[in-house]
Each structure stands twice: as C-alpha cells, then as structure tokens.
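The values are calculated or read from the model by the stated rules, or taken from the named source; none is laboratory data. On a predicted model such as this, the values are computed, not experimentally measured, just so you know. All Cβ positions, glycine included, derive from the backbone under ideal geometry; neighbour counts span all protein chains shown. Ligands, DNA and RNA are excluded from the accessible area calculation, which covers all protein heavy atoms including side chains. Shrake-Rupley method; radii C 1.70, N 1.55, O 1.52, S 1.80 Å.
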Amino acid sequence: IGNHRRYCGSDATRSNRGHRNEDGEFPMGEEVTVWYDGTLSPASAATMPVSWMGPRLSTAVFDGIRAYWDPDAGRLNVFRLDDHMQRFARARRFQRMDAPWSDEELPAAVLEVLRANDFGEDAYVAPNAFFGIDATAAGGGSMGRECHGASVARRGPSYLASLQAIDCGVSNWLRICL
C-alpha cells in the first residue's frame, strides 16, 4: 500500500465509544455517524422517504473503500481515496447525476465520516449517490433529477492477513443509448 495510503487522522486521546466489549465483540446496533446530503448525523437520524425508489433501482452509484488502522502511528490510512473518488465521480456523471456537492467535497466527506466514527481499527466506507425517485408521484415513479448522497462507514477487519482467499473480477460494458 505504501504511498497510496492517505492520512485520515486520529490521535492517542481516543474515546471509548464504539469499542469491543469484554468478549471482543461489537455491541449490537452500534450507532455510527454518516454523511447524508452534506451533513454529519447519527445513522438513525439520516432518513429518507420510504417511497423513494432510487436507492433500490439502477439509479444509484456506489463505491467501497478500505481504510487500514496503523497502531504505531495511531491513525487510519485510506487506500487510494483519490482514485476511488475519481471513479465514483465518473460513475455519477455516467448516470447523468448533477450532484449538489463538488467532486472535491466528496473525498473530504469520506474522511470526515471516518474521523467522526473514530473506530481505531480497520474500516470500510461506502459513498453512495442516488436519485430521489418518488413512487407515489402522479403517474407512477417520477424520474426526479434531484441527486442525494451518503457515505456510511463501518468497522471492517482486513482480509489481507487472512489465509482465506477472495475472488474478484472486472467486467467492461458499454452503455447503449436508445
């Protein structure tokens, strides 16, 4: 990973919020802080109408980013954040999403979410963008052009030290405009 890591920040004066219990497990229903439409809030407060179909349909884009805890430095290192965010921006433009935030604001939002959660261990963060499509609008689902965004982080142990192999593949595809 070397120079592809990016400092996310933390210091030795960490809170005990969100740490493992005496059995080494995370508390059930651990509250995390999320970034939703430009604002940090507890995940339980980041709500959207249940009639929105955008997150369930092919009108959403997402990415998944690993962050690795460095216990010696006491900080979280985000793996290739700029590359992830450039790919996310391209996917959003591909879906013709005009976001209310700039391409420069999103990496800062990812770092802000990781700092706010202060996990103190490996983490995974998922930025998402989607249309607010309202299924209750007259005439069925209105293809609203309003773009919404969220970044949600969770604890995520690294698989790099594991003996378990993982498979992955990359597929190319072409959008056909009708």
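Residues in segment 144-166 that are within 22 Å of the chain's Cα centre (by Cα) and part of a loop (DSSP other than H, G, I, E, B) were compared, and the one that is modelled with the highest pLDDT is GLY156. Residues of segment 64-97 that are among the charged types (D, E, K, R), touching a Phe, Trp or Tyr at 6+ places or on another chain (Cβ under 7 Å) and more than 17 Å from ALA108 (Cβ to Cβ): ARG66 alone. Being among the basic types (Lys, Arg), modelled with pLDDT under 85 and either open to solvent by 90 Å² or more (accessible area, probe 1.4 Å) or not in a strand (DSSP E or B) (or both) holds for only one residue in ARG87, ARG17, ARG92, and it is ARG17. Within the option set ALA99, ALA43, being open to solvent by 20 Å² or more (accessible area, probe 1.4 Å), modelled with pLDDT under 90 and under 13 Å from ALA126 (Cβ atoms) holds for one residue only, ALA43.
Restricting segment 54-71 to residues that are hydrophobic (A, V, I, L, M, F, W, C) and open to solvent by 50 Å² or more (accessible area, probe 1.4 Å) leaves a set whose member that is modelled with the highest pLDDT is TRP69.
Can you tell me which of ARG87, ARG66, ARG75 is basic (Lys, Arg) and out of contact with any strand residue (DSSP E or B) (no Cβ under 7 Å at 6 or more places or on another chain)?
Step by step, each of ARG87, ARG66, ARG75 is checked, and only ARG87 is basic (Lys, Arg) and out of contact with any strand residue (DSSP E or B) (no Cβ under 7 Å at 6 or more places or on another chain).
Comparison of GLY24, GLY74 shows that the only residue that is at pLDDT below 75, over 17 Å from the mean Cα position of the chain (by Cα) and either farther than 20 Å from SER158 by Cα or not β-branched (Val, Ile, Thr) (or both) is GLY24. Here segment 72-82 is the region considered, the condition is being assigned to a loop (DSSP other than H, G, I, E, B) and out of contact with any Asp or Glu (no Cβ under 9 Å at 6 or more places or on another chain), and the residue that is most open to solvent (accessible area, probe 1.4 Å) is ASP72.
Any idea which residue in segment 109-135 is surrounded by the most Cβ atoms within 10 Å (Cβ to Cβ), counting only those that are over 12 Å from the mean Cα position of the chain (by Cα) and closer than 11 Å to SER151 by Cβ? Among them, the one singled out is ASN117.
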